[in-house]
Amino acid sequence: MIGIILALFTAFTWGLSMVLIRKKLNESNYFLATVTVTIIGNIILWPIALICTNLKNVNLQGISFFIIAGVLAPGMTRLFYFKGMEALGVSINASIYATYPLHTSILAVLLLDEIVPTKNWGGVILILIGVMLIERSLGRSKTEPKMICKKVLLLPLLATLTNASSWLIRKKALIICNEPLLGVAIGYSVSLLLYIFLLIPYNRWYFINFRKGLRQFWKPSILQIAGWILSFYALNYEKVSIVTPIIDTEPLFILFFAHLYLKGRERLSFRITIGTVLIVIGIMLVSIR
């Protein structure tokens with residue numbers, strides 16, 4: 001029960017943070033948001049992790065798994081997700097990204113030899129219908145670009161794959177090294193190194209405007225940190241197949257907060273709303289064991 005409650009709070013904090021980030025993206029860009037959130041996370045998380053971590057539980061194998069998981073998520077996942085949110089809008093992007101527990105289940109079958117009951121595939125049908133409804137809504141919103149390249153849909157889809165893989169590796173890391181706060185901190189540090197590496201071919205514009213990014217994104221940064229800590233502890237208490245679908249209720253919180261904060265900017269059409277609900281219900285069915 002504790003893991004389920006923590007997972008629900010994770011969905012709540014992440015949903016609110018995504019809407020607050022989207023609210024500022026018109027004045028900024030996805031990469032500045034990504035770097036800002038990651039830098040603030042490192043500044044806050046490492047002192048807490050160093051104080052709270054029991055060094056007796058730390059081992060090289062566990063740290064290695066935390067590093068790999070961190071590269072995948074939040075590292076690569078955050079880049080794909082924020083860029084997709086900038087191109088597609090928060091509601092559409094989040095609804096497609098909501099399929100990541102499906103990918104997690106598929107990977108669990110292939111890599112962990114888990115068996116998914118036949119009755120669960122009814123959830124797959126609901127997911128496909130939901131995604132189709134969302135795709136048919138592309139380009140019809142008055143507040144979004146009239147022409148949206150279908151290739152942009154790859155961004156949230158890539159985010160689902162990297163995130164799904166990260167959940168499996170993260171669970172393995174927690175079994176070997178039961179230190180959630182250390183795992184979150186390592187994930188943020190690896191992500192920051194990844195973003196710095198990506199910045200090398202470009203100019204220093206993003207760093208010059210970090211002060212602007214701090215003003216714009218400090219609130220969602222705090223929410224992101226809280227969500228990651230909650231998700232690690234939820235995963236520590238519960239199985240991946242239980243935690244991921246519960247956290248996947250995030251789009252419902254996004255729809256709610258988008259209606260409050262993004263009026264006139266995000267058009268929450270009937271198709272998008274129904275599509276989101278179908279995806280969430282479908283993933284819940286797929287994840288039932």
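Laboratory data are not the source of any read-out in this text; all were calculated from the coordinates shown. Owing to the predicted nature of the structure, the values given are computational and were not obtained by experimental measurement. We place every Cβ from the backbone using ideal geometry, glycine too, and count neighbours over all the protein chains shown.
Taking each residue as 0.36 nm, the span from LYS56 to ILE222 lengthens on full extension beyond its C-alpha to C-alpha distance by 56.9 nm. Exposure proxy shown here: for TYR261, TYR233, the number of other Cβ atoms within 10 Å sets the order, fewest to most, as TYR261, TYR233. Applying the Karplus relation 6.51 cos²θ - 1.76 cosθ + 1.60 with θ = phi - 60° to segment 231-236 yields 3J(HN,Hα) values of 5, 5, 5, 4, 5, 6 Hz, where x marks Gly and Pro. Summing +1 for each Lys or Arg and -1 for each Asp or Glu among the other residues whose beta-carbon sits under 9 angstrom from that of GLY3 gives 0.
Note that segment 39-44 has calculated 3J(HN,Hα) couplings of 5, 4, x, 5, 4, 7 Hz, one per residue in order, obtained from phi through the Karplus relation 6.51 cos²θ - 1.76 cosθ + 1.60 (θ = phi - 60°); glycine and proline are x.
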